[in-house]
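Heads up, the thing below is written out as structure tokens.
The values are calculated or read from the model by the stated rules, or taken from the named source; none is laboratory data. Since this is a predicted model, take the numbers as computed values, not measurements. Don't worry about glycine lacking a Cβ; one is built from the backbone with ideal geometry, like all the others, and counts go over all protein chains shown.
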């Protein structure tokens, strides 16, 4: 009887998509921290993504913009912030926050330079300026953050990550900010930056919810030791 009970408990755990072992939690945290480091690879990919997205916006070509979104590595640091919030790890939030600030300046700067060099023209990628659109963008970001976190913790579905990168709008609004600033259109730049912030907060909150439901806080001490040792 005890053996049958243990088998049923194990089966129940496997059937629960939110059930994650402490080993999987530690592995996920390690992967996220590793992929959120401010190294040369990260900044090269970010610069390439910024140039591609800016070119797509200047050409009014959605396919090019989508291609640039696939290259952007910005999603992972946001998930790391969600992890830091879920386990109360200030070091992760601080370091990743600085990385995101640098990323923001790089995207805006490169996009502004592209607009100055090639002319902004009349971009057709203006984002709807109303409450309904803002709420919908936030909902998409919230769902994307939850889905991306779930994919990181369940490696068998990690192939959905490129699709999530397309769904969430992070680099395009920042690119538009750079383009508008180069044209001294600060009103439009302010709105697109607010769209970026909505996406940022939506992703972080969605990620935080999944990490909390998966009880990552139970591995907080072990993750903290890993962070401090690096």
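General remarks:
- Region 30-45, subset surrounded by 21 or more Cβ atoms within 10 Å (Cβ to Cβ) and assigned to a helix (DSSP H, G or I), residue nearest to the chain's Cα centre (by Cα): 32
- Helices (runs of 4 or more DSSP H) within region 123-230 that include 3 or more residues surrounded by fewer than 19 Cβ atoms within 10 Å (Cβ to Cβ) and modelled with pLDDT under 90: 131-153, 161-167, 186-213, 220-229
- Taken residue by residue, region 16-27 has no member that is at pLDDT 85 or above, part of a helix (DSSP H, G or I), in contact with a helix residue (DSSP H, G or I) (Cβ under 8 Å, 6 or more places away or on another chain) and surrounded by fewer than 16 Cβ atoms within 10 Å (Cβ to Cβ).
- Scanning region 66-94 for residues that are within 20 Å of residue 39 (Cβ to Cβ) and without any contact (Cβ under 8 Å) to a residue 24 or more places away in the chain yields 84, 93, 94.
- The set of residues in region 51-65 being free of Cβ contacts under 8 Å to residues at least 60 places away in the same chain and either outside any helix (DSSP H, G or I) or in contact with a strand residue (DSSP E or B) (Cβ under 9 Å, 6 or more places away or on another chain) (or both) consists of 61 alone.
- Residue in region 91-102 that is surrounded by fewer than 18 Cβ atoms within 10 Å (Cβ to Cβ), part of a loop (DSSP other than H, G, I, E, B) and modelled with pLDDT under 90 present: no
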